[in-house]
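Single-structure report; data block below.
The values are calculated or read from the model by the stated rules, or taken from the named source; none is laboratory data. Keep in mind that what you see is a predicted model, and the values were worked out from it rather than measured. Glycine gets a Cβ as well: all are built from the backbone with ideal geometry, and neighbour counts include every protein chain shown. These accessible areas exclude ligands, DNA and RNA; they are computed on the full protein's heavy atoms, side chains included. Shrake-Rupley method; radii C 1.70, N 1.55, O 1.52, S 1.80 Å.
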Amino acid sequence: MTDTKAAPKSKGSKAGKALKAPKGNSADVAAGVAQYLTPVVQELVALAVNGKQAHWHVRGVNFIAVHELLDEVVAHAQGWADVAAERVVALGLPVDGRLKSVADKSGAANPKLGFQPYDEAIADVVAQIDLATEKVNDAIEGLEELDPASQDVAIEIRRGLDKDRWFLFSHVAVK
């Protein structure tokens, strides 16, 4: 039977050496990354929840297209929240994505209850994307010198938010 608790040790391998934290993973870097990415996580969680609310209640002539697109926006927001949260956790700190914390700290407006015409539902979700984008922009700027790897996470989220916003906005743009 193989001992799964101890890695094999050989003279020339890295496995025999003591594990060390990667360079740049200081407590100050971790705290700074958490400072910038936690608000991103919170806005993305709010986007996912509010996006799902819009998904359930959207109405109008292009219902199915908007309904399905909102599901994609929600899935993206959940995935990006996970990536940002796991970056903070990988650096050794917890992240606060609890419901109460998200509700208290997100800038998201509570969406209207009930059915909405597609253009109103889209406007609400686009406004939420804009809030998340503001937090992501703060992270991109703040992480530039602090931790380029974490900044890369924020940049990738920004690219995705821009695309989702474009897809949604295209349903209501006249020109």
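Can you tell me the order of 139-147, 94-102 when each peptide is scored by its average per-residue count of other Cβ atoms within 10 angstrom, highest first? Numbers along the way, then the final one.
Numbers: 139-147: 17.9, 94-102: 14.1.
Highest-to-lowest ranking by the protection proxy: 139-147, 94-102.
Among 107, 148, 53, whose Cα lies farthest out toward the positive end of the dipole of the chain, if unit charges sit on the beta carbon of Lys, Arg (+1) and Asp, Glu (-1)?
It is 148, whose Cα lies furthest towards the positive end.
Can you list residues from other chains, or at least 5 along the same chain, whose modelled amide H is less than 5 Å from the amide H of residue 58?
116
Read phi for every residue in region 71-86 and hand back ³J(HN,Hα) as whole Hz from Karplus 6.51 cos²θ - 1.76 cosθ + 1.60, θ = phi - 60°, with x for Gly and Pro.
Result, rounded to whole Hz: 4, 5, 4, 4, 4, 4, 4, 5, x, 5, 4, 5, 4, 5, 5, 5.
Accessible area of the chain with a 1.4 Å probe: how many percent of it is carbon plus sulfur? Please report the intermediate quantities before stating the final value.
Values: 6150 of 10810 Å².
Using a 1.4 Å probe with all protein chains present, the chain comes out at 57 percent carbon and sulfur.
Keeping all protein chains in place, calculate the accessible area per residue for region 29-175 (probe 1.4 angstrom), answer in Å².
Values: 7710 Å² over 147 residues.
Heavy-atom accessible area per residue stands at 52 Å².
With contacts defined as alpha carbon pairs under 8 Å and 6 or more residues apart, what's the relative contact order of the chain in percent? List each step's numbers first, then the result.
Values: 191 pairs, mean separation 51.6, N = 175.
Relative contact order comes out at 30 percent.
For region 128-134, just list the computed ³J(HN,Hα) in residue order, Karplus coefficients 6.51, -1.76 and 1.60, θ = phi - 60°, integers in Hz, with x standing in for Gly and Pro.
Result, ordered by residue: 5, 4, 4, 5, 4, 4, 4 Hz.
What ³J(HN,Hα) values, in whole Hz, does the Karplus curve 6.51 cos²θ - 1.76 cosθ + 1.60 give for region 88-98 when θ = phi - 60°, with x put for Gly and Pro?
Computed from phi, the couplings for region 88-98 are 4, 5, 4, 8, x, 10, x, 10, 9, x, 5 Hz.
For the full complex of protein chains and a 1.4 angstrom probe, list 115, 63, 169 by accessible area with the highest value first. Can you show the working numbers first?
On the way: 115 125, 63 65, 169 100 Å².
The most accessible residue leads, giving 115, 169, 63.
Pairs of Cα atoms under 8 Å, at least six residues apart: use those to get the relative contact order of region 41-140, whole percent.
Numbers: 100 pairs, mean separation 45.8, N = 100.
Once normalised by length, the contact order is 46 percent.
Measuring from a point 7 Å past the Cα of residue 119 along Cα-to-C-beta, which residues in region 50-76 have an amide N at less than 11 Å?
none
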